[in-house]
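What follows draws every value from the coordinates through simple rules; no lab data is involved. Please read all numbers here as calculations on a predicted model, not as lab measurements. Virtual Cβ from ideal backbone geometry, glycine too; neighbours counted across all protein chains shown.
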């Protein structure tokens, strides 16, 4: 049996599948006898390479890989909607690494699958690292795992149109406060509207999760990305001079409100990245991941890079 340390995504090619090197070939493969859901659960991540899918052909392929595509409601990453629940994967500056995370693990509901499509590969770099969530959890010191056992408390300050971070309108894809309140009421979140028109949200979430099919326990939270330490020493120090932690666009603590030590956050971030496998992009590639079993991130890059993402429940 392949150990967690030897895991890599399964690469599916036209030659290995016995179909044409085209989007039609990929569609033929996906209509074939292979149980895609079972394959994804078993392999955790699938790379479709060499099918030369174009943006014009993407919707039909996505319909087979992602039944019932979801909108990116309550998402915290800067993105642009470019199609029917299709988004840019991130607009974070290219010189920075995006650390490992499971999409929307901070939310009450998260997507079961993510699909990435490389519309244009970067000139250099730009790989999407993926990490086996079991290996990530096992890589952490027992002291850190125990500290996080009670879960985490996420806090958001979403401005009303002008300010630092995302607005509540962009986050929830609506201008209707009642619609936002209805959404939050179903998520067991605490929230309050502030006098300046901003929205403050608090959520208690677990730090690990068990996969509904395999039962595997995986690291499943974004504490390292929400903690001020993740911004880097200089940025964190600058922000600390102008606003307290509770006023930041997003922050995190242990479930009881106790601050999370910076060294714990750095261990989670660094060991996730160290345990990851890079998926290097060719234009036209697709990457499908089980969002519970596998975390993902982004390596720095140069040149134009355009990777799109969509998700389903």
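Using the alpha-carbon centroid of each, what span in Å lies between the range 8-53 and the range 181-201?
Using only Cα atoms, the two centres lie 42 Å from each other.
Expressed as a rounded percentage, what relative contact order does the range 137-270 have, with Cα pairs under 8 Å and six or more residues apart?
This gives 32 percent for the range 137-270.
Say each of residue 196 and residue 138 gets a label point 7 Å from the Cα, pointing the same way as Cα to Cβ; how far apart are those two points in nm?
My value for the distance between the label points is 4.7 nm.
Once you keep just the Cα pairs under 8 angstrom separated by 6 or more residues, what percentage relative contact order results for the chain?
Reported as a whole number, the value is 36 percent.
Antiparallel as a % of all DSSP beta bridges within the range 137-270, to the nearest 5?
Restricted to the range 137-270, the bridges split so that about 95 percent are antiparallel.
Pick from 161, 272, 215 the residue whose mean-square fluctuation is largest in a GNM of the chain, springs joining Cα atoms under 10 Å.
215
Going by the alpha-carbon gyration tensor, a ≥ b ≥ c the square roots of its eigenvalues, is the range 137-270 rounded (a/c under 1.5) or, if a/c is not under 1.5, prolate (a/b greater than b/c) versus oblate?
In terms of gyration-tensor shape, oblate.
Going by how many other Cβ atoms sit within 10 Å of their own, how do 274, 170, 285 line up, fewest first?
274, 170, 285
Report, for the chain, the % of DSSP beta bridges that are antiparallel, rounded to 5.
Around 95 percent antiparallel, to the nearest 5.
Please give the length that would be gained between residue 124 and residue 42 if that part of the chain were fully extended, namely 0.36 nm times their separation in residues minus their C-alpha to C-alpha distance (nm, one decimal).
26.4 nm
Could you point to the label whose value was computed as P(r) over Cα pairs in 20 Å bins from 0, in percent for the structure here, given [x] 32, 59, 10, 0; [y] 32, 55, 13, 0; [z] 22, 46, 29, 4, 0?
[x]
If the elastic network links every pair of Cα atoms under 10 Å, which of 112, 71, 37 fluctuates the most in the Gaussian network model of the chain?
Looking only at 112, 71, 37, the biggest GNM fluctuation is shown by 37.
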